[in-house]
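Here is the structure we will look at, set down as C-alpha cells.
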Amino acid sequence: MALEKYKEKRDFKKTTEPEGIKKSSGGNLVFVVQKHAATRLHYDLRLELDGVLKSWAVPKGPSLNSADKRLAMMVEDHPYDYKDFEGSIPKGEYGAGEVIVWDSGTYHAIGTSDKNESENLIREGLNKGDIKFVMEGKKLKGEFVLVKMKNRGEKEWLLIKHKDEFMSADDVTKDDRSVLSGITIEDIKNGKLKKSD
Ligand code: MN
C-alpha cells in the first residue's frame, strides 16, 4: 500500500497536514479516530498497518452499542504521522475544515496481541472484507468488526461493536473533546488551538 493518493490530493505548501512517509510504531499497533468537520461532519477511523494508516470515514461516528451498524467508507491510506494531526485544513484544500484527535490508543487483532501476528490477521481481514480487532483507546474499548458490504462496491464497510463488557447504549460521541489537547471542533473554529489558550 502506498501513499500516492494521499499526496496527490494535497498541496503541502498550503495544508499543515503531514507529508506522506511510511513509518511504524515501536510497540503495539496504533489507531486513531479523528473528528473532522469537513463539508459533512464525520469521524475518520485509522488503523496502523504496514507503515501506513488504513482509513475509513464514518459519517455517524463509532458506537459502543452492538445494535448499531455504522457505515464506514474506505478512503485513501494516510501516513503514520497523521495520527497526531489536529488543526484546520484551509478553505479550498482537500478536506477543508477542522480536525481533532477524538480518540487514540493501541489495537490488535482478536486472538493475538503480538504485533506481527496482528498485522498478518488484519491484512488477511482487509483482503477478505472482515476485520476483527480490539481497541484499547480512551473512549473506544473492546472488540469491533469492520465488515465489507456485499455488492456495494469496494469502499462501503460497516463498523460494528462486538458484545463484550465495553458495550454501552450511551452515545460515545457526546464526549466531543480531543484526547490529545482537550479542545473541541468549536474551539478551533473560535481560533483556540490548545485548551490552555
Ligand atoms: Mn476526513
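Rule-based calculations on the coordinates, nothing more; no lab input. Quantities reported herein were computed from a predicted structural model and do not represent experimental measurements. Methodologically, a virtual Cβ is constructed for each residue, glycine included, from the backbone with ideal geometry; neighbour enumeration extends over all protein chains shown.
Criterion first (acidic (Asp, Glu) and either within 16 Å of LEU140 (Cα to Cα) or in contact with a helix residue (DSSP H, G or I) (Cβ under 8 Å, 6 or more places away or on another chain) (or both)) does ASP44 satisfy it? Yes; evaluated as a whole, the condition is true for this residue.
Kindly indicate whether any position in the stretch 81-90 is surrounded by fewer than 16 Cβ atoms within 10 Å (Cβ to Cβ), without any contact (Cβ under 8 Å) to a residue 12 or more places away in the chain and under 22 Å from ILE185 (Cα atoms). Write out each step before concluding.
First pass over the stretch 81-90, keeping only residues surrounded by fewer than 16 Cβ atoms within 10 Å (Cβ to Cβ): 81, 84, 87, 90.
Next, from what is left, pick out any that are without any contact (Cβ under 8 Å) to a residue 12 or more places away in the chain: none.
There is no residue in the stretch 81-90 that is surrounded by fewer than 16 Cβ atoms within 10 Å (Cβ to Cβ), without any contact (Cβ under 8 Å) to a residue 12 or more places away in the chain and under 22 Å from ILE185 (Cα atoms).
Scanning the stretch 89-105 for residues that are assigned to a loop (DSSP other than H, G, I, E, B) and of a type outside the set (A, V, I, L, M, F, W, C), we see that the one that is nearest to the ligand (Cβ to nearest atom) is GLY95.
Within the set ALA109, ALA57, ALA37, the sole residue that is small (Gly, Ala, Ser) and within 13 Å of the chain's Cα centre (by Cα) turns out to be ALA57. With respect to (1) outside any loop (DSSP other than H, G, I, E, B); (2) in contact with a Lys or Arg (Cβ under 7 Å, 6 or more places away or on another chain); (3) not basic (Lys, Arg), the lone exception for GLY182 is condition (1). Remark: ARG70 falls outside the filter, which requires a residue to be part of a helix (DSSP H, G or I) and of a type outside the set (S, T, N, Q). Checking each residue in the stretch 106-130 for being in a strand (DSSP E or B) and in contact (Cβ under 8 Å) with a residue 24 or more places away in the chain picks out THR106, TYR107, HIS108, ALA109. Total residues in the stretch 17-51 satisfying the condition of being of a type outside the set (Gly, Ala, Ser) and away from the ligand (no atom under 12 Å from the Cβ): the figure is 13.
Scanning the stretch 25-40 for residues that are touching a strand residue (DSSP E or B) at 6+ places or on another chain (Cβ under 8 Å) and not in a strand (DSSP E or B) yields SER25, GLY27, ASN28, ALA38, THR39.
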